[in-house]
Amino acid sequence: MAARRSVGKVAYVAIGNELLSGRTVNENGRYLARALIQRGYEIGLILTVGDDLSEIEIALEQATKQYGLVFTSGGLGPTSDDRTREALTLWANRPVVTSAAAKQRIVNRLRSLGRAISEGHHRQAMILKGSTLLQNPTGAAAGFSFQKNRATVIVLPGVPQEFQAMIDRHLNRHLKPLKTLSLVTAWRVVGMTESTVAKLIEPTPDDQVSIAYLPNMSHLDLIIRATGTDRRQVKARLERYLAKASAKLGSVIVTDDGRLLGEIVVDLFQQAGLTVSVAESCTGGLVSADLTAVAGSSKIFRSGVVSYSNESKQELLGVPMALIERHGAVSREVAQAMAIGVRQGADVGLAVTGVAGPDGGTVEKPVGLVWIALAWQGGCVAHSVRFPGNREIIRRLATSRALDWLRRYAMGLFDEPPFVATPEG
C-alpha cells in the first residue's frame, strides 16, 4: 500500500486556528523534524489545518493513506475550540473514554499546585477508545496512539514544551528499524554563515553521505548522515567525512550533543573554575538570561548589568562620560571600559554595546554594528561585528557571538583572530 512506500518518512498534521492566523509559529514541526533526522527518519508531509472537524478528518485520511506513521499536535486542551478528539471520534468511528491513569495524574498534579480538577481537566484525560495512553510528563493533556488505514497515528498536545517532552519520551518506540542503516552526527555551528559552511564541507564524497542544514537565529545545526547496509562500513564512512569536515570548520563547531551555547559556557567555566560578570546595552540582558537559565550557573555567574543609557554606563560601570562623548557609546573604547568596569569581583568581564535599530544608525555606525569586549586580569580585547537583520535578529546574533567569546576564552582559543590581547587599562 501507499503507506508502505514511504519507508523512513512520516507525516505530521498540525492542528489549530492560531497556526493559520499567524498568531503562533509552529515550533513543534521543527522539533519533530530534527528528532527524526537524528534517528534516520524524516518528515515527508506536513499538513496544517484549523480547528475544523471536516478539515482535520480530510488531513488525517490523506496522511494515513500515504504514510505508515502520522503525528498530530494541537486541539487537546480544555476549551471548546479544542476539537481534535471530536474529529478523531468521527474519523475513526470510535468514542472517547476517560483514561483512569491520565485522570489520576492530572488530579495529583493539580493537588500539588493546590488546585481542584475542573470539567476542562476531565476533557484532557479523555482518549480514543482502544488507543494506547501516552503520558504527558510536563502538562495535563494526555496523548495517545492508535491504528487506522494500516498506519499508526500518534496524537499529542500542541503546547511546545509538552509536545517536545512527549517526543523525547515516546518517539523511539514508534520507529521501526530501517533496512538501510543510517548513522547520524549533529553539529552545532556558531559564528559562520550557512553558505560559508557549505563551501567548506561540500561536496560530500558520495550520495551515501548527506548533510541537512538547519539554520536558527543564533546558530546553525548540521545533521550529517551516512547510510549503507554494513554497520562497520557506514561508521567508517561517516568518521572519514567528519574528520575532513571538522578540520575545515575548526572551532566554529561548538557541540555535537545539542546543548545550547549558554549551557556549554556554564559547563566550561565550571570546569575551569572561572566566574563572569556581564554588562549589556543593546542586548538588554539576553546574555545574562541565557547564562542564568542554566541550572548551576550561580557557580560561575557573578552579576549582570543592563546599562542602556550613557548615564548608567558611567554610574554603574565607571565608564568616564568624557570617553563616551569622545568615541560614542558604540565604540571599542566604551566596550572595553564596560568590560573592565563590570569585571570587579569576577575572573572575566564581558560587555556588549551596539546599534540594534531600526533607528539610531549613522554612516559611521550603521544599524547592526555591535562591539563586544572581554576583560580579564592583565588583558582586554574588543572586536566589532556588523550583523544583518531586524532588531530581534541583531540582538540574538550579538548574544550568540558574545556567549561564543566566553566559550573561546574558557577553551584557550583567544590566539585565533580577531582576539588580540591589549593591556588592561
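Every read-out reported here was derived from the displayed coordinates using simple, explicitly stated rules and does not represent laboratory data. On a predicted model such as this, the values are computed, not experimentally measured, just so you know. Cβ coordinates were reconstructed from backbone atoms using ideal geometry, including for glycine residues, and neighbour counts include every protein chain displayed.
Only strands (runs of 3 or more DSSP E) whose full extent lies in segment 308-425 are considered here, and the ones with at least 3 residues that are at negative phi and touching a Pro at 6+ places or on another chain (Cβ under 9 Å) are 379-386.
Scanning segment 229-240 turns up no residue that is in contact with a helix residue (DSSP H, G or I) (Cβ under 9 Å, 6 or more places away or on another chain) and not polar (S, T, N, Q). Every condition in (1) of a type in the set (A, V, I, L, M, F, W, C); (2) closer than 25 Å to Ala382 by Cβ; (3) out of contact with any Asp or Glu (no Cβ under 8 Å at 6 or more places or on another chain) holds for Val306 except the one numbered (3). When residues in segment 144-159 are screened for being over 22 Å from Ser99 (Cα atoms) and surrounded by fewer than 17 Cβ atoms within 10 Å (Cβ to Cβ), 1 of them pass.
Among the criteria (1) in a loop (DSSP other than H, G, I, E, B); (2) over 17 Å from Leu76 (Cα atoms); (3) charged (D, E, K, R), the one Arg109 does not fulfil is (1). Among helices (runs of 4 or more DSSP H) entirely within segment 1-70, having at least 2 residues that are buried (at least 23 other Cβ atoms within 10 Å of the Cβ) singles out 27-37, 53-66.
A quick yes/no check of all residues on (1) touching a Ser or Thr at 6+ places or on another chain (Cβ under 6 Å); (2) more than 22 Å from Gly349 (Cβ to Cβ):
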{"residue": "Ser246", "(1), (2)": "no, yes"}
{"residue": "Val266", "(1), (2)": "yes, no"}
{"residue": "Gly273", "(1), (2)": "no, no"}
{"residue": "Gly284", "(1), (2)": "no, no"}
{"residue": "Ser298", "(1), (2)": "no, no"}
{"residue": "Asn310", "(1), (2)": "no, no"}
{"residue": "Met321", "(1), (2)": "no, no"}
{"residue": "His327", "(1), (2)": "no, no"}
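Among the residues examined, Leu133 qualifies as touching a residue at least 12 places away in the same chain (Cβ under 8 Å) and surrounded by fewer than 17 Cβ atoms within 10 Å (Cβ to Cβ). Considering every residue within segment 111-125, establish whether at least one is over 30 Å from Thr64 (Cα atoms) and either within 27 Å of the chain's Cα centre (by Cα) or acidic (Asp, Glu) (or both). Within segment 111-125 (the criterion being over 30 Å from Thr64 (Cα atoms) and either within 27 Å of the chain's Cα centre (by Cα) or acidic (Asp, Glu) (or both)), the answer is yes, since at least one residue qualifies. Strands (runs of 3 or more DSSP E) fully within segment 215-301 that include at least 3 residues being over 30 Å from Val319 (Cβ atoms) and in contact with a Lys or Arg (Cβ under 9 Å, 6 or more places away or on another chain): 220-228, 253-255. The set of residues from segment 348-374 being of a type outside the set (Val, Ile, Thr) and closer than 16 Å to Leu403 by Cβ comprises Gly349, Leu350, Ala351, Gly354, Trp371, Ala373, Leu374.
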